[in-house]
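The values are calculated or read from the model by the stated rules, or taken from the named source; none is laboratory data. What you see is a predicted model, and the numbers here were worked out from it, not measured in a lab. Here the Cβ is made from the backbone with ideal geometry for all residues, glycine too, and neighbour counts use every protein chain on show.
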Amino acid sequence: MSSKIGLKLTRNYSFNFSLLKRNKDSIKFIIIHYTGMKKQSEAIKRLTDSESKVSSHYFIKNEGKVLKLVPDLYEAWHAGKSGWKNFKSLNKYSIGIEINNPGHDHNYKRFNKKQILSLVKLIGYLKNKYAIKKDNILGHSDISPDRKKDPGEKFPWRELAKKNLCTWHDLNDKNLKKFRKLKLKDEKIFFKNLFNLGYSKIYKNSKKNLILAFQRRFRQDLINGKTDEECLLISQNLLKS
């Protein structure tokens, strides 16, 4: 298995998973998280502690080494209350990958090259094995915008998109910025686009959180929770692609 991925996996199994084995075809999503804890050792301990009730399938360490915490065909507890398209409670349909990073509450920093190299190999393997569509490779904040910020605006979505491992717009950044902060005439069009992209209507009453989640994903240099023409253009371009 490690040879197919191009990575050596270390098993460090967690107690936290659902006992009912899944069908391979039920795996539709890959969800990317950051740990959001000060120390890597504490994050691993929490994900494997039976009392914490949280886990993920994979954990990427600072040095790029990958731990396998839960077998793919068992449901790990990483997504919580969540939604995307017509799916709810995405634990049932997804593989969760935790990347060690202190997160927004503890001096959030960029993910290092070794971590991203391992992630690219891992996602590429999982995407092919389970026939996962690139627009179903998501961040925790995409599926739980009212609760989560991870993996955040420092996560290199554009870099993954260049390798066909997620979606990204193909607009020119310099031209886009001309439309930044220009007020939308009709905000409803933007939210309609978000729901068509996959953001769940269960969060339709959390508009600011939806905007923030979209910006952390697709406009990472300005996260202000406000709609503008730039956001609209990005959403329209994503739908075309």
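Counting only residues that are free of Cβ contacts under 8 Å to residues at least 24 places away in the same chain and under 30 Å from H33 (Cβ atoms), how many does segment 185-200 have?
Total meeting the criteria: 3.
Based on what the data block shows, is L182 assigned by TED's automatic domain parsing to the domain that holds L233, part of a loop (DSSP other than H, G, I, E, B) and either over 16 Å from I30 (Cβ atoms) or free of Cβ contacts under 8 Å to residues at least 12 places away in the same chain (or both)?
Answer is yes for this residue.
So the check is Cβ under 7 Å with 6+ separation or different chains; which pairs have a first residue in segment 11-31 that's under 19 Å from A43 (Cβ atoms) and a second one that's loosely packed, with under 13 Cβ neighbours inside 10 Å and at pLDDT 95 or above?
Close Cβ pairs (under 7 Å, with a partner that is loosely packed, with under 13 Cβ neighbours inside 10 Å and at pLDDT 95 or above) amount to F15/S50; N16/S50; N16/K53.
Please state which one of S14, S56, S26, S41 is touching a His at 6+ places or on another chain (Cβ under 6 Å) and polar (S, T, N, Q).
Unique residue meeting the criteria: S56.
Within segment 8-40, can you find the residues that are more than 10 Å from L73 (Cα to Cα), assigned to a loop (DSSP other than H, G, I, E, B), of a type in the set (K, R) and more than 18 Å from the chain's Cα centre (by Cα)?
Scanning segment 8-40 gives K8, K38, K39.
Those residues that are among the aliphatic types (A, V, I, L, M), within 21 Å of T227 (Cβ to Cβ) and not in a helix (DSSP H, G or I), I need them from segment 139-179; list them, please.
L171
Here is a check on your reading of the model: is G124 modelled with pLDDT of 95 or more, of a type outside the set (A, V, I, L, M, F, W, C), surrounded by fewer than 23 Cβ atoms within 10 Å (Cβ to Cβ) and on the phi < 0 side of the Ramachandran plot?
yes
Within the set of pairs 6 or more residues apart or between chains, which connect a residue that is in the same structural domain as N209 (by TED's automatic domain parsing) and closer than 15 Å to V54 by Cβ inside segment 76-92 to a residue that is part of a helix (DSSP H, G or I) and not hydrophobic (A, V, I, L, M, F, W, C) with Cβ atoms less than 7 Å apart?
Close Cβ pairs (under 7 Å, with a partner that is part of a helix (DSSP H, G or I) and not hydrophobic (A, V, I, L, M, F, W, C)) do not exist here.
I'm trying to understand the selection: among the residues of segment 205-227, which are crowded, with 16+ Cβ neighbours inside 10 Å, in contact (Cβ under 8 Å) with a residue 24 or more places away in the chain and part of a loop (DSSP other than H, G, I, E, B)?
I223, T227
Being crowded, with 23+ Cβ neighbours inside 10 Å and closer than 17 Å to W157 by Cα narrows it down to one of I95, I99, I116, I132, so name that one.
The conditions single out I99.
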